[in-house]
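Report on the following structure.
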Amino acid sequence: MGKVRFSVSVSLDGFMAGPGQSVEDPLGKGGMQVHRWALELAAMRRMFGQPGGLVNASTPIIEDQFAGVGAILMGRNMFGGQPGDWGDGAWRGWWGEDPPYHLSVFVVTHHPRAPLAMQGGTTFHFVTEGVEAALARARAAAGEKDVLLSGGASVIRQCLAAGLVDELGISLAPVFLGRGERPFDDPALAALRLEQARVIEAPGVTHLRYRVVR
């Protein structure tokens, strides 16, 4: 069985998105600053079919993110759209008709919806039984490969608190947001024991990787 892991960008005060997230402003007020290092990279731009971009010490972080991944788990906020029921003009995600995942993605939501097959092999499956049920389905789909938690903050926090995560990556951006979404804001996380696995200094960001000690 593969690992359950995630890689997130956070501000110095621990936020991965700013306040006021919406369809028009998916990262919230100021949230773009936290992710700018990734959005400028050629490796990231290629995922969305865009030319240009930078190559630097952060490039392997993006290139390795999907290596060995067999399924994705995300929350409703990460998938996006209006809150509440899906409605008639059902939201199809931030990424257009060919999302960058190219495998099964399990979305934790309170609102049922039929699976959504997209171009390039991505299929979104909507799971209403909670994060542990969604992760069980993702593990089954991944087989011997890893399950990647792609966010948002709530899903990452729940999986960490439940002891379901094996490895975590944190890309620390030198900014303060003051408010927003914190993936590590849960007293239950004090019980976790971590072992440092890697540190990479890159332009505008420091990349940290930890293994969870069982």
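Considering region 82-93, the residues that are surrounded by 15 or more Cβ atoms within 10 Å (Cβ to Cβ) and out of contact with any Gly (no Cβ under 8 Å at 6 or more places or on another chain) include one that is nearest to Leu27 (Cα to Cα), namely Arg92.
Beta carbons closer than 6 Å, at least 6 apart along the sequence or on distinct chains, pair a first residue in region 77-101 that is of a type in the set (S, T, N, Q) with a second that is modelled with pLDDT under 95 and assigned to a loop (DSSP other than H, G, I, E, B) for Asn77/Gly152.
Of the strands (runs of 3 or more DSSP E) contained entirely in region 54-127, not one carries at least 2 residues that are more than 15 Å from the chain's Cα centre (by Cα) and within 25 Å of Ala43 (Cβ to Cβ). Of the strands (runs of 3 or more DSSP E) lying entirely inside region 156-214, the ones with 3 or more residues being under 19 Å from the mean Cα position of the chain (by Cα) and among the aliphatic types (A, V, I, L, M) are found at 167-173, 205-212. Residue check: Gln50 meets all listed conditions (1) among the polar types (S, T, N, Q); (2) assigned to a loop (DSSP other than H, G, I, E, B); (3) in contact (Cβ under 8 Å) with a residue 40 or more places away in the chain but one, namely (3). Of all residues in region 23-47, those satisfying the criterion of being assigned to a loop (DSSP other than H, G, I, E, B) and either in contact with a Gly (Cβ under 7 Å, 6 or more places away or on another chain) or touching a residue at least 60 places away in the same chain (Cβ under 8 Å) (or both) are Val23, Pro26, Leu27, Gly28, Lys29, Gly30, Gly31, Glu40.
The values are calculated or read from the model by the stated rules, or taken from the named source; none is laboratory data. Just so we're clear, the structure is a prediction, and the values are computed from it rather than from any experiment. Please note: Cβ atoms are built from the backbone with ideal geometry, for glycine as well, and neighbour counts cover all protein chains shown.
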